[in-house]
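Peer 1: One structure follows; several queries about it will come next.
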Amino acid sequence: MKKTVLILITVCILAFLSASTAGAKDYIYAVVNNAVQVIDCDTDTVIKTIEFNDFIINTACSSDGKRLYLNAIHSIYAVDTVTNTLAETYPFSTELSKVSIFGMNISNDGKQLFLCCSIVKKKQNIPRLNVLPDQLVVYDIEKKRMIKNYPIPTSYTQPVVLRNDPDHLVLVGQDIERFSLKTGKRDMLMPFLNTKKPEDMKNCLANWQPGSPGDHGIFVNPYYDAKGLGYFFIDKNSGEMDDLRGKNVWFAYSSMLSPDQKYIYAVMDELIKVDRTTGETLKMAHLETGTNYTVAITSDGKKIYAGPGGPDISVFDADSLELLTIIPLMSDGVTTQMLSKQ
């Protein structure tokens, strides 16, 4: 009798978990001028517009998917993704202190923001500016104040949060370095500017981190050097890095690894599909809407969302790169965030 009851309980639990997983839906949060527009990935239509008055350059999402943080350079906005409302605004600049935030991320516990900042101060009635060294700022979200800051080299635009190492970040910019949040010490992982030979120097635009809470946790970004196009990978689970040479040279602003980790999708004026193992270009599609900046992938890996760049997002079949539809938006934008929600 006890065995039968145990089996019934197990079956009920598995059925509940299966139903919960099956009930999850994908949404694209398209960040445009003065708003975030929420797109239902089943219908590829805008179902909600969250308005404010600012321009957003990049975003970061909490690990539980309940908060989406929007970087407006001098301020940060928090969107409640459960109610799809603007929850909070965090201003960082004043008349006498201009704080420009270029890179932003959020700690795994959702309590702190990591900000790559440039700070300029002045005194009233004195025509002179005091330009401080760039700073990595650790900001307490609940207390709304800076709790730590470290001087860092200029041009670091992406703090990558490691899922299993709360004491370190990976900073991406003029080089890629492991950064200690305890000591401020930086260790080189991959040189871009500070190479031993000039011909080994690399360049990349690391302004976005396409990805979603609960995904494989691998951040991939294109870079260029004297040899052509490559892709670097940061595994946010282990903190390890590797890179891959592309067999063909394309212009790409950003890229993303498919859920099964077999393909890289990269975007600029074309959407390209690249073999993760060989670097070979498998397919290419011209973008009818012109230049686009970021890509998003549904959780099942079946649809690609390219854009925005202008006031639209193009939706492609991930296998064939056939254009499925173009979703009109209310204004221009540069980034998206994909979320799976019940």
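Peer 1: Show me the strands (runs of 3 or more DSSP E) found entirely inside region 43-88 where at least 2 residues are open to solvent by 60 Å² or more (accessible area, probe 1.4 Å).
Peer 2: Where strands (runs of 3 or more DSSP E) fall fully within region 43-88 and carry at least 2 residues being open to solvent by 60 Å² or more (accessible area, probe 1.4 Å), they are 45-51.
Peer 1: What are the residues in region 297-339 that are over 16 Å from D44 (Cβ atoms), of a type in the set (S, T, Y) and surrounded by fewer than 20 Cβ atoms within 10 Å (Cβ to Cβ), if any?
Peer 2: Matches in region 297-339: S320, S331.
Peer 1: Moving on. Could you run through region 267-280 and say how many residues are more than 21 Å from the chain's Cα centre (by Cα) and open to solvent by less than 30 Å² (accessible area, probe 1.4 Å)?
Peer 2: Residues meeting the conditions: 1.
For every residue, the table says whether it meets (1) open to solvent by less than 80 Å² (accessible area, probe 1.4 Å); (2) out of contact with any helix residue (DSSP H, G or I) (no Cβ under 9 Å at 6 or more places or on another chain); (3) over 29 Å from S254 (Cβ atoms).
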site: S93; (1), (2), (3): yes, yes, no
site: M104; (1), (2), (3): yes, yes, no
site: N125; (1), (2), (3): no, yes, yes
site: L132; (1), (2), (3): yes, yes, yes
site: Y139; (1), (2), (3): yes, yes, no
site: I147; (1), (2), (3): yes, yes, yes
site: Y156; (1), (2), (3): yes, yes, no
site: V160; (1), (2), (3): yes, yes, no
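Peer 1: Related question: For region 283-296, how many residues meet the condition of being surrounded by fewer than 24 Cβ atoms within 10 Å (Cβ to Cβ), among the hydrophobic types (A, V, I, L, M, F, W, C) and either within 15 Å of Y27 (Cβ to Cβ) or within 16 Å of the chain's Cα centre (by Cα) (or both)?
Peer 2: Of the residues in that region, 0 qualify.
Peer 1: Still on this model: Can you list residue pairs whose Cβ atoms sit under 6 Å apart, with the first residue in region 110-138 being polar (S, T, N, Q) and the second being open to solvent by less than 20 Å² (accessible area, probe 1.4 Å) and modelled with pLDDT of 90 or more? Count only pairs 6 or more apart in sequence or on different chains.
Peer 2: Q112/V138; Q135/C117
Peer 1: Something else now. Residue check, F232 against (1) surrounded by 15 or more Cβ atoms within 10 Å (Cβ to Cβ); (2) over 19 Å from the mean Cα position of the chain (by Cα), all met but one. Which one?
Peer 2: If we test F232 against (1) surrounded by 15 or more Cβ atoms within 10 Å (Cβ to Cβ); (2) over 19 Å from the mean Cα position of the chain (by Cα), just (2) comes out false.
The values are calculated or read from the model by the stated rules, or taken from the named source; none is laboratory data. As the structure is a computational prediction, the values presented were derived from the model and not from experiment. Cβ sites come from the backbone with ideal geometry, for glycine too, and all protein chains shown count toward neighbours. Only protein heavy atoms, including side chains, enter the accessible area calculation; ligands, DNA and RNA are left aside. Shrake-Rupley method; radii C 1.70, N 1.55, O 1.52, S 1.80 Å.
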